[in-house]
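This report concerns only the one structure given below.
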Amino acid sequence: MDTIKAALIKAMEAYFDGDAKRINHALRVTQYAEELLKSEAGDYPVVIGAAVLHDIGIHQAEKKYGSTSGKYQEIEGPPIARRILEGLRFEQKQIEEICEIIAHHHSPGKVNSKNFAIVCDADWLVNLKDDYDIRDRGKLSKIIEKVFLTPSGKARAREVYLQEESGAGDYMI
Ligand SMILES: [Fe+2]
C-alpha cells in the first residue's frame, strides 16, 4: 500500500478508536476514490486525504449535538482533519483543499473541483442504497444521473446498482 494512504488510514483508525462501522465506511469510500482516480484527473494526495478523513467529525458531532447529520460533520470534521494532516506533514495548500472538501461534502454546489467531485461520488457509491429506494430501476437511473458528479462515478454507479456491465456486482471490501 502506498505510504500516504497507509499513514492516513492508520491515523483515521486510531482516531475512530475501534469504531468498525466508521472505519469500514472510510475504507470503502477510499477504495472507490482510488478506483475513480484511474479515469478522473484528480490530485492523489488530496483525494485520498479527503476520502479517508471525510467523516472524521462524526464522533464529535454526536458528542456535541447528539446528531450525525451532515451539517454538524461538516463543522466538526475540518479541525480534526487539519491536526491529522499537519501531523503527517501534508503541504499547507493540500490541507486547505482537503478541509474545504470535508467542510462541504454533504453540500454539493459550493465546491466545484474535480477532487471534490471524486470524493463525493465515492461516498455516494457506498451510501446510495441507504439514502434512496433503489428497487425502482427507472427512478434509480435518474437519481444516479442527478447525484453523481463525474462520468466515471455515474458509470460505476450504474454497474454497482443497475448491473449494466457484465461481472459487476455489489462492491465490498
Ligand atoms: Fe461518508
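The values are calculated or read from the model by the stated rules, or taken from the named source; none is laboratory data. The model shown is predicted, which means the values in this text are computed figures rather than measured ones. Note that each Cβ is placed from the backbone with ideal geometry, even for glycine, and that neighbours are counted across all protein chains shown. SASA here: full protein model, heavy atoms, side chains in, ligands and nucleic acids out. Shrake-Rupley method; radii C 1.70, N 1.55, O 1.52, S 1.80 Å.
Output the number of the condition that Glu76 fails; it satisfies all remaining conditions of (1) without any contact (Cβ under 8 Å) to a residue 24 or more places away in the chain; (2) closer than 25 Å to Lys146 by Cβ; (3) open to solvent by less than 30 Å² (accessible area, probe 1.4 Å). With (1) without any contact (Cβ under 8 Å) to a residue 24 or more places away in the chain; (2) closer than 25 Å to Lys146 by Cβ; (3) open to solvent by less than 30 Å² (accessible area, probe 1.4 Å) applied to Glu76, the lone miss is (2). All of (1) assigned to a loop (DSSP other than H, G, I, E, B); (2) crowded, with 23+ Cβ neighbours inside 10 Å hold for Pro108 with one exception: (2). For beta carbons closer than 7 Å, sequence separation of 6+ or different chains, a first residue in segment 26-51 that is open to solvent by less than 20 Å² (accessible area, probe 1.4 Å) and a second that is within 14 Å of the ligand (Cβ to nearest atom) and outside any helix (DSSP H, G or I), the qualifying pairs are Ala26/Asp55; Val29/His54. Scanning segment 11-20 for residues that are assigned to a helix (DSSP H, G or I) and more than 18 Å from Ile95 (Cβ to Cβ) yields Glu13, Ala14, Phe16, Ala20. Residues of segment 52-68 that are among the hydroxyl-bearing types (Ser, Thr, Tyr) and surrounded by 14 or more Cβ atoms within 10 Å (Cβ to Cβ): Tyr65, Thr68.
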